[in-house]
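Only the coordinates and a few stated rules stand behind these numbers; no lab work does. Everything numeric in this text was worked out from a predicted model, so none of it was measured. No Cβ is skipped: glycine too gets one built from the backbone with ideal geometry, and neighbour counts run over all protein chains shown.
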Amino acid sequence: MNRLASSFAAAALALAAGALAMLAFHADPIAAYGALLQGALGSVQGTAETFVQTTPLLLTGLGVAVAFRAGLFNIGAEGQLVVGALCSAVFGAWVHLPTLAEIPLCFAVGAAAGGLWAAIAGWLRARFGASEIITTIMLNYIAFLGANYLVSGPLRGSNAAPETAPISPSAVLHPLVSGTRLTAAFPLALIAAAALAWWLRRTVAGYELRAVGQSERAARYAGVNVGPAIVRAMALSGALAGLAGSTEVLGLLHRFNAQLSPGYGFTSIAVALLANSSPLGVIVSAFFFGLLQNGALFMQAYAGVPKDLVSVVEGLVILFSAAGMLRSARGRARVAVGPEGGVGTAPT
Amino acid sequence: MNSALAIATTVAGIAILKSTPLIYAALGGVISENAGVVNIGLEGMMAGGAFAAVLASYYTHSLPAAVIAGAFVGGALALVLAYFAIALRANQIIVGMALNVFAVGAAALLLTVLFGQPGTSPEVRSFSSIASSSGPGIAATLHYALVWMALGLVLCAHVILYRTRVGLHLRAVGEQPRAAAVAGIDVMKIRYVATVLGGVLAGLGGAYLSVGEVDLYSDGMVAGRGFIALAAVIFGKWTPLGSFGACLFFGLFSSLQIALQRATVPAQLLEMLPYALTIVALAGFIGRSRPPASDGVPYEP
């Protein structure tokens with residue numbers, strides 16, 4: 001309850017600071033936030049688009065949250081998303097199967113690719129004690145540059161633009177509501193959140209993951225094989241991010257290009273923090289950020305407030321969440337973030 | 001033969017210019033991490049510094065003011081990190097991430113609010129714009145002043161860290177803060193000063209990017225250099241000279257890219273190298289890279 005209150009306080013404070021910033025440059029905060037809400041939730045199209053923006057944030061947010069629960073800080077969701085999206089797009093363009101086989105396979109390929117990419121960081125942490133914080137940052141850049149290279153060279157479609165060939169028609173996720181971009185990806189992401197919540201709470205593997213997050217040493221004495229548990233946690237985290245990449249490819253772009261994600265994987269860190277790493281909480285916080293991102297365009301168009309204000313609010317949400325966590329010094333989030341603080345290499 | 005030499009000198013020259021902003025930011029990271037504060041917000045501090053320098057140059061037309069403004073904003077952002085990380089004992093990684101998002105967003109917001117044009121600032125008086133008005137000689141001298149200053153700061157930092165009492169205290173605070181406190185060292189104060197100093201240096205690196213290399217600020221212009229600097233800190237094993245060498249090495253790759261534009265090696269693969277090497281270094285394949293013992297750990301007196 002206390003943690004819930006501190007999350008709401010962090011979001012409210014950040015929005016209030018955003019309002020103050022608007023007053024500083026003579027904009028009307030009430031009109032601006034009004035336009036944001038009206039745009040994001042005032043119509044069927046607007047609401048559907050908010051859910052569209054929520055979907056990748058929800059999946060990547062779940063990924064970051066599950067890593068937090070294992071005591072790991074996955075900053076690499078963006079890279080895992082890119083790798084998942086690229087592999088999903090290549091597979092979807094290459095294979096022609098009936099829809100009912102092709103779509104699940106494309107998702108599986110995206111999740112596997114994202115999971116493997118993140119597992120590299122998990123393995124380096126488990127085997128050599130290399131901090132996953134640093135390795136996931138580095139793997140992000142390797143993924144961006146690698147994807148850039150592949151789409152401008154070897155994997156470039158027939159198009160002049162640096163992007164892969166379109167996926168086959170049977171791999172396309174069609175809109176659920178006509179006139180919108182909302183696909184089955186959104187309900188799937190909700191199911192993923194519920195499944196993750198159940199898995200963490202009701203299975204042995206989920207329990208072991210949480211035990212490692214609470215205390216590696218205690219988990220080891222309790223008989224948990226810590227190394228593989230860390231690799232599994234990172235793989236699961238990356239698989240969720242990879243899945244987010246797949247949904248963007250199958251549902252929206254139908255191919256891969258470097259502009260696929262406006263930074264969902266980075267925003268997902270804010271999503272997971274605000275949700276205190278609870279899978280069901282992630283649904284709410286992903287919706288909050290999805291609403292902000294979608295509404296920002298309307299705020300810019302109708303109230304003349306630049307959409308970048310939302311990034312400022314986002315930064316402040318992260319900052320205030322970080323400050324809120326310590327008030328409950330033994331709270332989950334505190335334990336959940338990183339090995340005992342060490343960056344570079346984890347204490348053994 | 002002569003032309004090969006000329007190419008080599010050009011590549012080396014560009015390498016030094018390309019690595020200068022990295023040297024500033026990495027040195028900032030080395031100083032704060034040796035005192036036990038991880039600065040993952042270097043990217044944001046560079047962006048803040050780059051934007052502030054352009055803003056100051058726009059309003060004052062003075063280059064010294066621009067450089068000072070860059071350093072000041074970098075330091076101010078670091079003060080936020082210091083307050084949250086040291087006084088509130090918040091998670092340093094999260095605060096650093098927050099600063100990255102905040103600084104880049106705030107710069108983009110102010111760009112639109114102040115100049116009415118999203119994405120890019122107007123062109124301002126810069127080290128390169130002086131070149132066209134008063135001849136290349138003076139501009140080169142001024143430009144190189146920033147480069148030489150970076151080299152000087154690296155040497156200063158090396159001497160201070162390893163040859164003076166203050167440096168010993170700083171490293172003690174990063175390794176064993178409790179023992180340092182028992183010995184009468186003010187752990188909080190040293191961590192504050194080191195963190196803010198780190199931000200000042202990152203801000204200088206940002207100023208070099210905006211008013212040194214070009215004459216404007218544009219969204220995304222820092223382009224991951226803060227994270228390359230972070231990589232250089234690790235690759236250089238948390239020492240000023242080591243990270244300086246790492247920056248030069250990484251800068252060499254940026255310049256090779258320019259020299260080898262027509263070559264068969266794709267630019268992106270060369271750009272990947274710093275990141276890949278850092279992973280290799282962390283895993284211990286080329287001599288293990290170990291951080292100060294209490295790096296990133298909040299001190300609770």
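Can you tell me which lysines have their Cα less than 17 Å from the Cα of B:K237? Leave out same-chain residues fewer than eight positions away.
none
Got a sec? How would A:S6, A:S131 order by Cβ neighbour count within 10 Å, fewest to most?
A:S6, A:S131
For q = 0.18 Å⁻¹, what log10 I(q)/I(0) does the range A:4-133 give under the Debye formula with an equal point scatterer on each alpha carbon and no solvent?
So the normalised log intensities are -1.07.
Based on DSSP H runs of at least 4 residues, each adding -39500 (n - 2.57), what is the mean residue ellipticity at 222 nm of chain B after dividing by all its residues, to the nearest 500 deg cm²/dmol?
So the helix-based figure for chain B works out to -24500 deg cm²/dmol.
Residues with amide H under 5 Å of A:S131's amide H, sequence separation 5 or more or different chain, H placed in the peptide plane at 1.01 Å from N; which?
A:G344, A:T345, A:A346
Using only helices, what value at 222 nm comes out for chain A when you add -39,500 (n - 2.57) per DSSP H run of length 4 or more and divide by the total residues, to the nearest 500 deg cm²/dmol?
Only helices count here, giving -24000 deg cm²/dmol.
In nm, what is the difference between 0.36 nm times the number of residues separating A:F128 and A:A161 and their Cα-Cα distance?
7.8 nm
Once the Cβ-Cβ distance between A:V177 and A:T203 is put in as r, and R0 is 35 Å, what FRET efficiency do you end up with, to the nearest 0.05?
With a Förster radius of 35 Å, E is 0.50.
Could you go through the range A:307-324 in sequence order and give the Karplus-derived ³J(HN,Hα) for each residue, using 6.51 cos²θ - 1.76 cosθ + 1.60 with θ = phi - 60°, rounded to whole Hz, and x for Gly and Pro?
So the Karplus estimates, Gly and Pro as x, are 5, 5, 4, 5, 5, 4, 4, 4, x, 5, 4, 4, 4, 6, 4, 4, 6, x Hz.
Under 13 Å from the Cβ of A:A197, count the other residues' Cβ atoms, weight Lys and Arg +1, Asp and Glu -1, and hand me the total.
+4
Is the protein assembly as shown best put as rounded, prolate or oblate by its Cα gyration tensor, with a ≥ b ≥ c the root eigenvalues, rounded for a/c under 1.5, and otherwise prolate when a/b is larger than b/c, oblate when not?
rounded
Give the average, rounded to an integer, of partner chain Cβ atoms located within 10 angstrom of each Cβ in A:313-324.
On the way: counts 3, 4, 11, 5, 3, 9, 11, 3, 4, 12, 9, 2.
That average works out to 6.
Classify chain A as rounded, prolate or oblate, taking a ≥ b ≥ c as the square roots of the eigenvalues of its Cα gyration tensor: rounded when a/c is under 1.5, otherwise prolate if a/b is larger than b/c and oblate if not.
oblate
Counting Lys +1, Arg +1, Asp -1, Glu -1, what net charge surrounds A:G79 among other residues with beta carbon under 15 Å of its beta carbon?
Surrounding charge for A:G79 is -4.
Would you grab the residues whose amide H sits under 5 Å from the one on A:E163? Only those 5+ places off in sequence or on another chain, please, with H modelled 1.01 Å from N.
Counting only residues 5 or more places away or on other chains, the set is A:G157.
Using a 7 Å offset from the Cα along the Cα-to-Cβ direction at both A:V226 and B:T60, what is the distance between the two label points in nm, to one decimal?
Between A:V226 and B:T60, the label points sit 5.2 nm apart.
Cα to Cα, under 15 Å, and not fewer than 8 places away if on the same chain: which aspartates and glutamates meet these conditions relative to B:K189?
B:K189 reaches B:E33, B:E300.
Label points 7 Å out from Cα along the Cβ direction at B:A276 and A:H26: separation in nm?
About 5.4 nm, to one decimal.
Taking 41 Å as R0, compute the FRET efficiency from the Cβ-Cβ separation of A:Y302 and B:V147 and round it to 0.05.
Computed FRET efficiency for A:Y302 and B:V147: 0.30.
Please list 3J(HN,Hα) in residue order for the range A:270-275, calculated via the Karplus relation 6.51 cos²θ - 1.76 cosθ + 1.60 where θ = phi - 60°; whole Hz, with x for glycine and proline.
Running phi through 6.51 cos²θ - 1.76 cosθ + 1.60 with θ = phi - 60° gives 5, 4, 5, 5, 5, 8 Hz.
Apply the Karplus curve 6.51 cos²θ - 1.76 cosθ + 1.60, θ = phi - 60°, to the phi angles in the range B:164-174 and return the couplings in whole Hz, x for Gly and Pro.
10, 5, 4, x, 4, 4, 4, 5, 4, 5, x
What is the sum of charges around A:Y141, taking Lys and Arg as +1, Asp and Glu as -1, for the other residues whose C-beta is under 12 Å from the C-beta of A:Y141? Don't skip to the answer; put the middle values down first.
Values: positive: B:R225; negative: A:E78, B:E43, B:E271.
The answer is -2.
May I ask you to derive the relative contact order of chain A, considering only C-alpha pairs under 8 Å and at least 6 residues apart, and to give it as an integer percent?
About 37 percent, as a whole number.
Which order, highest average first, do A:194-204, A:284-294 follow once you tally other Cβ atoms within 10 Å for each residue and take the mean per peptide?
Values: A:194-204: 13.7, A:284-294: 23.5.
So the order, starting with the most tightly packed, is A:284-294, A:194-204.
Starting from the Cα of A:R217, move 7 Å in the Cα-to-Cβ direction to define the label point; list residues of the range B:163-180 whose amide nitrogen is under 20 Å from there.
B:175-179
Can you work out the FRET efficiency for the pair A:L97 and A:Q38, with r the C-beta to C-beta distance and R0 = 51 Å, to the nearest 0.05? Show your work: numbers first, answer last.
Numbers: r = 43 Å, r/R0 = 0.84.
After rounding, the FRET efficiency stands at 0.75.
Going by alpha carbons, how many degrees (0 to 90, nearest 10) lie between the helix axis of B:187-207 and the longest principal axis of chain B?
10 degrees
Evaluate peptide A:254-264: per residue, the Cβ atoms of other protein chains within 10 Å of its Cβ; return the mean as an integer.
Across A:254-264, the average partner-chain Cβ count within 10 Å equals 0.
For the range A:5-63, rounded, prolate or oblate, judged on the Cα gyration tensor with a ≥ b ≥ c (square roots of eigenvalues), a/c < 1.5 rounded, else prolate if a/b > b/c?
Oblate.
Please give the average number of partner chain Cβ atoms lying within 10 Å of the Cβ of each residue in A:303-311, rounded to a whole number.
5
Given an 8 Å cut-off on Cα distances and at least 6 residues of separation, report the relative contact order of the range B:23-226 as a percent.
That works out to 45 percent.
Would you mind calculating the relative contact order of the range B:1-105 from Cα pairs under 8 angstrom and at least 6 residues apart, reporting the percent as a whole number?
29 percent
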